[in-house]
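Laboratory data are not the source of any read-out in this text; all were calculated from the coordinates shown. This is a predicted model, so every value here is computed, not measured. Glycine also receives a Cβ, built like all others from the backbone with ideal geometry; neighbour counts cover every protein chain displayed.
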Amino acid sequence: MIATADPTLDCDAVIVGSGPSGATAADLLTAHGWTVVVLEKGANHLIDLEPPHGPLGHSSNDELKSIQRHLLGPDPLVEPRTFRRTEADGDHLFVGHVNSLPSTVGGGGFHADAKLPRFREDDFRLRSALGPHEGADVVDWPFAYADLEPYYAEAERLIGVAGEETNPFAAWRSGSFPMPPGADMFGATLSMAAAERAGLHPYRCPTGVNSVPYDGRPACNNCGFCGGYGCPIEAKGDPVALLRRALLTGRCQLRAESYVTAITMAADGRRATGVRYLDDQRQELEVRAAHVVLAAGAFETPRLLLRQALGNSSGLVGRNLMYHFQTMTVGSFPMPLHASRGRCVTGAHDDHIVGNDASAAAARDAGLPWIRGGLVEHGGAGEPVREAQYYGPGTHHGAAMRRSTLRDRMWAFTMQGEDLAQPTNRIDLDPQVRDAFGYPAGRVTYNPHPHELVASAHAAPILEAVLRDAGAEWAHTSTSPPAPGDRSAAVLGQAPASYHVMGTTRMGPDPATSVVNPEGRLWNVENVLVVDSSVFPTSAGYNPTLTIVATASRTVRLLLGAPLDATAPQPGGERPPALADGRPIT
Amino acid sequence: MPVWLSADEHRVVGAVLDLLVPRNGPSPGAGEAGGADYVDGLLGAFSFDPPHIWAGGPFSGRNGGEASFEKWIPMGALEELAWRMRIEGSQGDPEREFNGPVLGWQQVYGEGLVALGDDFLGLDEAARVQRLAGTDEAFRELAFTHACEALYGDPVYGGNHDRSGWHGIGFAGDVQPRGWTDVEVEQP
């Protein structure tokens, strides 16, 4: 049992969700002497809840368990989500699995292959730097990169990030990466060399995967079962490192299979008193706490708030939903690339975020003020069950699997394109579909802005040319969600496949245009904090997890009264918004 | 011994999987590689405690470490509900029909096997193909998915006998805790 100084409370803070943001909150709060209860609606397949909190051993190199059989949840049969593009589609187009980040102890950090780049300086001042976009709500963040930089540095240390400072477009740093990068995948050595020949600037992608022993966990042994899998040897630091530290303080109680049904409120309606939840036997229980920390992710956090119309004086809860618009260019090579070895992605380039004269011209030609793409991951896939399903039944099947065009000979670029916030893109409650607990399923309404389509169309031929130069016999691009007329839609589905979900309880300085204040508190309920990616005002073009952890750390440290001081760039380190060649964007 | 299918049904399922993914050179057919055992184990997963849905970990023992895949992972209440719905169907149970009736895989296979007929194994290949084409699309799609899983999933689930599916395509499967060396990752 844990205790608080106030006998009317069960803990100082109750944290809803145990993914990267909830784990960060638990780690920092307990490190400062607070007691916390972490409620996770998913099951625990990660960490022994008894000291010394070793691994449960549920993770393994097993495609069936992890990919085909929903080990990490949420199972779409009992926790369905629904999707439609616009209201014109009716109540929904699809019911089932929609951007379903794991629902399990550790959340989305459990399954990710842990690409952990920082955002750039411009990402925090997008409106100021680049201006508005018709039909989108482009804003600045309520703080600058310099304010967040110390939290980035802290996050990299807490998780353990391996990387190197060779990306010319990366934001300035106050220190080095905690670890050097790991081994380059063979395919990445080809695609990075070709990218350089094309005038791009590839670099080794920062990852939360140990390249050397770190924090009591071993170095990655390159098993290849990375993206979509828990790590059998705990070489991935997020979220296990954070949760283990919190549990080891003795001040953190982690309760899995605990489905939060409501935030309980004081009679005046201005302060939360805790949460109610259903345990694994559907017994309703309550946790009384001085603070409620919402860390359920950008899908479940607004769903919870919308169920009880809480914190929504702006009418923006659930709105400004953002993903990353994914441009996927695949190439098939004449020789095996053995992408089943190593981390799933070891290389990246950022040139399509920064842009150049050609991208500026593409924007102008489309009647847009500017476009920005995203980080391009250089990676491959190594899973045969998934590949086998692509080929379909028939006598050709065995030969197709041995040729392995879509696995062993395939290399892919995935651009995580910046997705502009649009109030019409949103999470709300489906009027028909329920989850197993009887609560309305969350519904996604999402249609990309022309910005995303133009940015993707501009990058695609560049990426295809690079893959062909790297040795691919052919290259083909598809997007998720599909561009109008894309015949790949039947394969990839209409709903965005991205697990990068952001923006549904936007942070900002004005209660009329945001849901949480710059300190991460609901404008309407000051002791409810939101620490997950739903607070993001923009999506940037970078994988969000490190920024989730850094932002959560900032919010929690402000709550603790222990903020980190802003850092400053080295002389000449910070750049004004500019093209890659240094000229201002026009 | 099969745990869910009858001996006859087991033979028919194996033949169906071999039609969907037949032998091709060194690659075995899905039935030949033990696909019927895979389907039988899945449909009968709740004959075991813990259910045979998720194999244990972290290591198979094939590349060092203690073999632990056969220590099946216990399921939480919601996880078990989902998998019982998927395999057994909703069966009129209100707890399983919060979004309406759910057709379970046991019923899909049962109806598919009935549609194939008692004489299926006595037919020549062309007739089998024709008979299979006349079954419900949901049955054929499910059986194909299971053929892929049986051929290329870990052998602990009943298929991929002697790792024959993996040997056919040169796939190593579980490599923990040995892993791959940096040289094996970086070089052709």
Helix A:145-159 sits at what angle to the longest principal axis of chain A, using alpha carbons and giving 0 to 90 degrees rounded to 10?
-> 90
FRET efficiency, 1/(1 + (r/R0)^6) with R0 56 Å, evaluated for residue B:8 and residue A:176 via beta carbons | 0.25
What does the average come to when, for each residue of peptide B:95-101, you count the partner chain Cβ atoms lying within 10 Å of its Cβ?
-> 4
Considering the zone a paramagnetic label at residue A:281 would reach in this model (a point 7 Å from Cα along the Cα-to-Cβ line), which residues of the stretch A:17-52 have amide N under 20 Å from it?
-> A:39-44
Counting pairs on different chains as well as pairs 8 or more places apart, how many Lys pairs in the protein assembly as shown have Cα atoms under 23 Å apart?
-> 6
Length gained, residue A:432-residue A:358, 0.36 nm per residue minus C-alpha separation, equals 22.0 nm
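Across all directions of projection, what mean area in square nanometres is found for the Cα convex hull of the stretch A:381-461?
In nm², the orientation-averaged hull projection of the stretch A:381-461 is 9.3.
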For chain A, the charge dipole (Cβ of Lys, Arg +1; Cβ of Asp, Glu -1; about the Cα centre) points to a positive end, and the Cα of A:337, A:451, A:556 closest to that extreme belongs to A:337
May I ask for the equivalent-ellipsoid semi-axes of the stretch B:25-112, computed as the square root of five times each C-alpha gyration tensor eigenvalue and listed largest first in whole Å?
-> 28, 20, 9
Obtain the nm distance between the two label points defined at residue A:399 and residue A:166 by a simple spin-label model: each point lies 7 Å from its Cα along the Cα-to-C-beta direction.
-> 4.1
Using Cα pairs closer than 8 Å and at least 6 residues apart in sequence, work out the relative contact order for the stretch A:139-222, in percent.
-> 31
Rounded to whole Å and sorted largest first, list the principal axis extents of the Cα atoms in the stretch A:282-369.
-> 59, 43, 21
Folded to 0 to 90 degrees: helix A:545-560 orientation relative to chain A principal axis, Cα = 20
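What helices does chain B hold that run 15 Å or longer along their axis, going by alpha-carbon atoms, with a Kyte-Doolittle average of -0.5 or more, using DSSP H for the helix calls?
B:7-20, B:77-88, B:105-116, B:137-152
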Would you please put A:304-310, A:109-115, B:45-51 in order of how densely packed they are, using the mean number of other Cβ atoms within 10 angstrom per residue and starting with the highest?
-> A:109-115, A:304-310, B:45-51
Grab the other residues whose beta carbon is less than 9 angstrom from that of residue A:103, score K and R as +1, D and E as -1, and report the net.
-> -3
Starting with the fewest neighbours, write out A:225, B:139 ranked by other beta-carbon atoms found within 10 Å of each beta-carbon.
-> B:139, A:225
In sequence order, calculated HN-Hα J values of the stretch A:524-537 (Karplus, 6.51, -1.76, 1.60; Hz; x Gly/Pro) = 8, 9, 5, 9, 10, 10, 10, 10, 8, 6, 5, 7, 4, x
What number comes out for the charge environment of residue B:62, summing +1 per Lys or Arg and -1 per Asp or Glu over other residues with Cβ under 11 Å away?
-> 0
In terms of the charge dipole of chain A, which places +1 on Lys and Arg and -1 on Asp and Glu at the beta carbon, the residue among A:321, A:71, A:102 farthest towards the positive end is A:71
Cα-based convex hull volume of the stretch A:40-161 per residue, rounded to whole Å³ = 175
With contacts defined as alpha carbon pairs under 8 Å and 6 or more residues apart, what's the relative contact order of chain A in percent?
-> 23
Spacing of the two label points (7 Å from each Cα toward its C-beta) at residue B:133 and residue A:468, in nm | 3.9
Using a 10 Å cut-off on Cβ to Cβ distances, tally the other chain neighbours for every residue of B:165-174 and report the average as a whole number.
-> 6
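Can you order the peptides A:528-541, A:12-25 by their average number of other Cβ atoms within 10 Å per residue, highest first?
Packing order, densest peptide first, comes out as A:12-25, A:528-541.
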Scan around residue B:62 for amide H atoms under 5 Å from its own, H built in the peptide plane at 1.01 Å from N, and keep only partners 5 or more places away or cross-chain.
-> none
Across peptide B:22-33, how many C-beta atoms of other chains are within 10 Å of each residue C-beta, on average?
-> 3
Take the alpha carbon gyration tensor of the stretch B:7-186, find the square roots of its eigenvalues, order them as a ≥ b ≥ c, and report rounded if a/c is under 1.5; if not, report prolate when a/b exceeds b/c, else oblate.
-> oblate
Out of B:104, B:61, B:44, any idea which swings most in a Gaussian network model of chain B, alpha carbons joined below 10 Å?
-> B:61
Give me D for the protein assembly as shown in µm² s⁻¹, whole number, from Stokes-Einstein with Rh from the Kirkwood sum over alpha-carbon pairs, 20 °C and 1.002 mPa s.
-> 80
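If Lys and Arg each add +1 and Asp and Glu each add -1, what is the summed charge of the other residues whose beta carbon sits under 13 Å from the beta carbon of residue A:370? Write out the running numbers ahead of the final one.
Details: positive: A:127, A:364, A:372; negative: A:122, A:134, A:357, A:365, A:418, A:452.
Summing Lys/Arg as +1 and Asp/Glu as -1 gives -3.
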